Amino acid sequence: MKTFEHFDAASVEEALSLLKKYGGKARVMAGGTDLLGVLKDEILEDYPEVLVNIKSIPELDRIKEDSQGLRIGALTKLDHVASSPAIKAGYRALSEAAGSVASPEIRSMGTIGGNLCQDVRCWYYRYPHHMGGRLLCYRKGSGPCLAVKGDHRYHAIMGGKRCFAVCPSDTATALLALQAEIQVVGARGTRTLPVDDFFTPLGNSLSKGDLVTEIRVPRPAQANRQTFLKFTVRKPIDFAIASVASVITVEDGVCVDARIVLGAVAPVPLRAKGAERMVQGKPLDAKIAEEAAKASVSGARALSGNAYKVEITKTLVKRALLL
Ligand SMILES: Cc1cc2nc3c(=O)[nH]c(=O)nc-3n(C[C@H](O)[C@H](O)[C@H](O)COP(=O)(O)OP(=O)(O)OC[C@H]3O[C@@H](n4cnc5c(N)ncnc54)[C@H](O)[C@@H]3O)c2cc1C
Ligand code: SF4
């Protein structure tokens with residue numbers, strides 16, 4: 001790994017001032033579980049000279065709940081999100097999503113802010129520089145997408161245009177289903193973005209020098225059912241081939257509200273609006289679940305080698321609805 005200067009920021013203000021001082025030469029580091037791999041393999045030409053460690057900011061590592069909902073500091077470790085009694089009780093989809101990430105070791109280092117901001121896992125994009133030179137592609141600013149004509153078995157089946165890498169974050173899928181908002185602090189002041197405005201086809205809407213400081217999750221309706229289901233190739237530790245998060249409210253046996261979100265099938269976490277409409281006002285039986293599952297993938301445009309993801313997604317949606 002190349003050398004870089006390392007600063008421990010003691011506060012959000014200090015982190016912002018360091019990011020401003022070093023401009024494009026500085027990068028934020030939280031748990032480092034993604035960033036250090038990116039730097040070690042020199043995946044990107046743009047190598048930082050300075051790392052601003054934000055783990056040293058105590059006020060960003062906390063979970064608070066009040067009558068409005070949850071406020072999770074961006075530095076809260078994924079294992080704390082997964083095991084928090086408040087999150088397990090009221091925000092189960094998030095607890096299950098955080099608990100499904102990687103391994104216990106990575107969950108004890110990786111933070112929820114870092115999980116939302118992590119880089120994509122496309123193997124062409126991640127190709128290490130020391131193995132004959134990094135591969136360039138559309139996302140890296142030069143040339144076409146290598147996955148379209150290459151091996152794209154794990155790539156997008158929906159919403160891909162020029163880059164088919166999927167959003168790798170499991171917590172993003174659950175947070176979109178839970179209507180969460182992400183608080184960002186930076187040179188432009190403080191802004192709060194709904195999850196679907198935070199993610200963009202080529203990453204996220206952060207500018208250089210921005211920090212994610214908090215995730216806010218409104219309290220869901222009392223009678224809701226939630227889950228997060230994820231299909232992986234390797235069970236003990238793996239990114240999703242497809243996932244689904246659902247938050248469903250059923251009254252008198254009828255679905256009165258549904259948020260169904262698909263993960264790992266598109267460049268951003270994606271609401272399955274067709275499926276949501278399909279279940280609205282209906283009892284959640286096997287027939288409706290089957291129709292909703294079909295509707296959830298009606299927009300799918302699989303590449304030649306990843307149509308199997310369509311079937312897996314349908315099955316996950318059906319299972320989530322029948323829980
Ligand atoms: C083997 C392995 C398996 C994995 N499996 C999964 C999986 O199944 N599901 C899944 O969702 N993820 C998975 N991951 C990814 C993992 O969840 C992330 O590495 C982790 O969540 C990143 O958190 P971090 O705190 O370590 O972030 P870092 O590595 O410190 O940072 C990651 C990126 O986010 C930026 N960043 C971090 N925090 C902030 C902030 N507060 N504001 C602005 N920018 C910030 C950094 O600059 C960097 O670009 C896996 C990772 C590994 C190595
Ligand atoms: S999917 Fe995206 S990151 Fe991967 S090769 Fe194509 S453009 Fe590059």
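Keeping to the range 9-40, report how many residues are more than 12 Å from ligand 1 (Cβ to nearest atom) and of a type outside the set (Lys, Arg).
Count: 9.
Quick one: is Ala156 buried (at least 18 other Cβ atoms within 10 Å of the Cβ), in a helix (DSSP H, G or I), within 16 Å of ligand 2 (Cβ to nearest atom) and more than 12 Å from the chain's Cα centre (by Cα)?
Considered against the rule, which asks whether it is buried (at least 18 other Cβ atoms within 10 Å of the Cβ), in a helix (DSSP H, G or I), within 16 Å of ligand 2 (Cβ to nearest atom) and more than 12 Å from the chain's Cα centre (by Cα), Ala156 comes out as no.
Within the range 190-215, which residues are open to solvent by 40 Å² or more (accessible area, probe 1.4 Å) and more than 16 Å from ligand 2 (Cβ to nearest atom)?
Thr190, Arg191, Thr192, Pro194, Asp196, Asp197, Leu206, Ser207, Lys208
Which condition number does Pro168 fail, the rest of (1) closer than 30 Å to Leu16 by Cα; (2) more than 9 Å from ligand 2 (Cβ to nearest atom); (3) buried (at least 24 other Cβ atoms within 10 Å of the Cβ) being met?
Against the list (1) closer than 30 Å to Leu16 by Cα; (2) more than 9 Å from ligand 2 (Cβ to nearest atom); (3) buried (at least 24 other Cβ atoms within 10 Å of the Cβ), Pro168 comes up short only on (3).
Applying the selection to the range 179-189, what residues are out of contact with any Asp or Glu (no Cβ under 9 Å at 6 or more places or on another chain) and open to solvent by less than 10 Å² (accessible area, probe 1.4 Å)?
Scanning the range 179-189 gives a single hit, Ala180.
Counting only residues that are in a loop (DSSP other than H, G, I, E, B), more than 11 Å from ligand 1 (Cβ to nearest atom) and hydrophobic (A, V, I, L, M, F, W, C), how many does the range 93-125 have? So that I can check it myself, show each step before the final result.
Restricting attention to the range 93-125, the residues satisfying the condition of being in a loop (DSSP other than H, G, I, E, B) are 101-103, 110, 118-125.
This time we only want the ones that are more than 11 Å from ligand 1 (Cβ to nearest atom), so: 122-125.
Of the ones still in play, those that are also hydrophobic (A, V, I, L, M, F, W, C) are 122-123.
Residues in the range 93-125 being in a loop (DSSP other than H, G, I, E, B), more than 11 Å from ligand 1 (Cβ to nearest atom) and hydrophobic (A, V, I, L, M, F, W, C): 2 in total.
Kindly provide the set of residues from the range 80-92 that are surrounded by fewer than 22 Cβ atoms within 10 Å (Cβ to Cβ) and either part of a loop (DSSP other than H, G, I, E, B) or free of Cβ contacts under 8 Å to residues at least 60 places away in the same chain (or both), ordered by number. Walk me through it before giving the result.
Of the range 80-92, the ones surrounded by fewer than 22 Cβ atoms within 10 Å (Cβ to Cβ) are 80, 82-86, 88-90, 92.
Hits for the range 80-92 are His80, Ala82, Ser83, Ser84, Pro85, Ala86, Lys88, Ala89.
Which numbered condition trips up Ala147, out of (1) near ligand 2 (Cβ under 8 Å from one of its atoms); (2) of a type outside the set (D, E, K, R); (3) surrounded by fewer than 22 Cβ atoms within 10 Å (Cβ to Cβ)?
It is condition (3) that Ala147 fails.
Need pairs with beta-carbon distance below 8 Å; first residue within 14 Å of Leu36 (Cβ to Cβ) and open to solvent by less than 10 Å² (accessible area, probe 1.4 Å) and within the range 93-115, second away from ligand 2 (no atom under 16 Å from the Cβ) and assigned to a helix (DSSP H, G or I); sequence gap 6+ or separate chains.
Gly110/Leu78; Thr111/Leu78
The values are calculated or read from the model by the stated rules, or taken from the named source; none is laboratory data. Since the structure is predicted, the reported quantities are computational estimates derived from the model, not experimental observations. With ideal geometry, Cβ positions are generated from the backbone for all residues, glycine too; neighbour counts draw on all protein chains shown. Protein only, heavy atoms only, side chains kept; ligands, DNA and RNA dropped before computing areas. Shrake-Rupley method; radii C 1.70, N 1.55, O 1.52, S 1.80 Å.
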